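Each remark here refers to the structure printed beneath this line.
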Protein chains: 2
Amino acid sequence: MRIKLTIEYDGTAYAGWQRQENALAVQQVVEDALTKLTNTKVVISGASRTDAGVHALGQVAHFDTESRIPPDKYSYALNTMLPPDIRISASEAAPENFHARFSTAGKLYRYQILSAHHAGALTRNTHAHVIYPLNDELMAAELKSLTGTHDFAAFAASGSIVKDTVRTIYTADMYRRGNTVTLFVSGNGFLYNMVRIIVGTLVETAFGRFSPEDMPDIIASRDRSRAGMTAPAEGLYLNSVKY
Amino acid sequence: MRIKLTIEYDGTAYAGWQRQENALAVQQVVEDALTKLTNTKVVISGASRTDAGVHALGQVAHFDTESRIPPDKYSYALNTMLPPDIRISASEAAPENFHARFSTAGKLYRYQILSAHHAGALTRNTHAHVIYPLNDELMAAELKSLTGTHDFAAFAASGSIVKDTVRTIYTADMYRRGNTVTLFVSGNGFLYNMVRIIVGTLVETAFGRFSPEDMPDIIASRDRSRAGMTAPAEGLYLNSVKY
């Protein structure tokens, strides 16, 4: 039986989602718990390979099992075994052709910024801290200019080996509440570090490096060095995955 | 010169605000940094002695110093020395008769609850987790019945030695956003554990133990055992202090 898990995690303590040598990844922690629970080696596939320090409110993963544990009980059983910074928010049966990564219709990312003179104690692992005041109107205009289908090569970490760098951004919105700015970006897929480079470019817009009118040129250049810095991992959340 | 500090902290790692033997308190960490910064032993007075695990967005403290550091520079200097879970959000000169604790005109506390089947990974140190659905309307009605001037002995941790247990609650409000419930309670002063016992009573109201009509009787009883449980520390924030 194929089981779909929805997973929330605080990425602060982890080397990202994907299992790797010499560092603890979220995937490994969940796989180890599942292997212990079902007494069989379990491998899970996740929708998004979030980086070190990046969080998830709704990561999705699937695995196959012969276990007769009722699908909705995995969440309760796993949550008694997992560390408190990883929680299974739901578990359910999935069709045999469901694939957490390849069946995705879209992903929604969130990015949180604290815009203040001093960093926050309570937001130190959950928000990027920007000391200079942000220009909300310019940032929102720049965000809007990124929506649609474009070749986003300029917004992908250099060294990534993906050949097709065309992606569609469905929505891109920004909200402010006091000194906290939250961005939501949804699309059919994202290149490596794409959301963090978009946010870094927006923040540098506020510093006067870019204006919204520059965006078409930056996109057309397909040149990573034309876009802004990569915003830090701690502000980024995989909010939800759509199928 | 008397200096006023506004302090934000994540209380998770600390034994509370007040300096104590055998455990690390926020007061001690700030005093040690100030002592190092000014090369003289510094003692600070805080507005509220928050408990272990309780957070602060706007704790206020004062100290006296002969140092010639400009008052607004303490925040920047201290933030380079303090651990990232304690931040000085502002520093300023205060009148000689200003006292962080005795000059207060009111305090505003916040309490955050995650109402969901599963605990949250990202909210594990910042929200109390309640598995059962809450009855928002009953809770809000009960909150309202606590406003005004009352003898709150029934809502003080037993064993506290304060003689005068009369306090005035100015405002008491509740907001929901998805599965997160946030309560704000302001008053001229609070007894030991008072906000946490109020919240615990509200949550038990949702379980059917109390109804809003019971509140006047519970208050009149002055009996701690008549009120509800003490809600956990991690949901509580000293939001701000008014002078």
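Just a few scattered comments:
- All other residues whose Cβ lies under 12 angstrom from that of A:Ile88 are scored, Lys and Arg at +1 and Asp and Glu at -1, for a net of 0.
- Euclidean distance between Cα centres, segment A:198-243 to segment A:113-161, Å: 6
- Annotation: A:Val241 carries an accessible surface of approximately 20 Å², with a 1.4 Å probe and no ligand, DNA or RNA atoms counted.
- A cut-off under 15 angstrom between Cβ atoms defines the neighbours of B:Thr123, and their net charge, with Lys, Arg +1 and Asp, Glu -1, is +1.
- Straight-line reach from B:Lys163: taking Cα to Cα under 19 Å and skipping same-chain neighbours fewer than 8 places apart, the aspartates and glutamates in range are B:Asp151, B:Asp223.
- Of the residues making up segment A:3-41, those losing 20 Å² or more of accessible area when the isolated chain is joined by the remaining protein chains, with a 1.4 Å probe, are A:Glu8, A:Asp10.
- Computed over the protein assembly as shown, the P(r) curve from all C-alpha pair distances, binned at 10 Å from the origin, holds 4, 17, 23, 24, 20, 10, 2, 0 percent per bin.
- Mean projected area (nm²) of the alpha-carbon convex hull when chain B is viewed from all directions: 13.6
- Label point at A:Asn22 placed 7 Å out along Cα→Cβ; residues across segment A:38-68 whose backbone nitrogen lies under 18 Å: A:52-53
- Å³ per residue enclosed by the Cα convex hull of segment B:179-236: 103
- Size of charge dipole - the protein assembly as shown - debye, nearest 20, with Cβ of Lys, Arg +1 and Asp, Glu -1, no other charges: 220
- In this structure, B:Thr40 and A:His117 have a Cβ-Cβ separation that, at R0 = 35 Å, corresponds to a calculated FRET efficiency of about 0.85.
- Among residues other than B:Arg2 with Cβ under 13 Å from its Cβ, the summed charge is -3 (Lys and Arg +1, Asp and Glu -1).
- Among residues of chain A, the one whose Cβ lies closest to the rotation axis carrying chain A onto chain B, together with that distance rounded to whole Å, is A:Thr126, 5.
- Pairwise FRET efficiency - B:Ala157 versus B:Ala105, Cβ, R0 = 41 Å, nearest 0.05: 0.95
- Summed over the residues of chain B and divided among them, the accessible surface reaches 45 Å² per residue at a probe radius of 1.4 Å.
- Straight Cα distances below 21 angstrom link A:Lys4 to the lysines A:Lys36, A:Lys41, A:Lys73, A:Lys107, A:Lys242, with same-chain residues fewer than 8 positions distant left out.
- Gyration tensor analysis over the Cα atoms of segment A:1-121 returns equivalent ellipsoid semi-axes of 27, 16, 13 Å (largest first, whole Å).
- Here the sum of -39500 (n - 2.57) over DSSP H runs of 4 or more residues, divided by the residues of the protein assembly as shown, equals -6000 deg cm²/dmol at 222 nm, to the nearest 500.
- Cα convex hull volume per residue for segment A:115-243 (Å³): 110
- A versus B: buried accessible surface, summed, Å² (probe 1.4 Å, to nearest 100): 1800
- FRET efficiency, 1/(1 + (r/R0)^6) with R0 60 Å, evaluated for B:Tyr132 and B:Glu96 via beta carbons: 0.70
The values are calculated or read from the model by the stated rules, or taken from the named source; none is laboratory data. A quick note: this is a predicted structure, and the numbers were derived from the prediction, not measured. A quick note on method: Cβ atoms are made from the backbone with ideal geometry, for glycine too, and the neighbour counts reach across all protein chains shown. Only protein heavy atoms, including side chains, enter the accessible area calculation; ligands, DNA and RNA are left aside. Shrake-Rupley method; radii C 1.70, N 1.55, O 1.52, S 1.80 Å.
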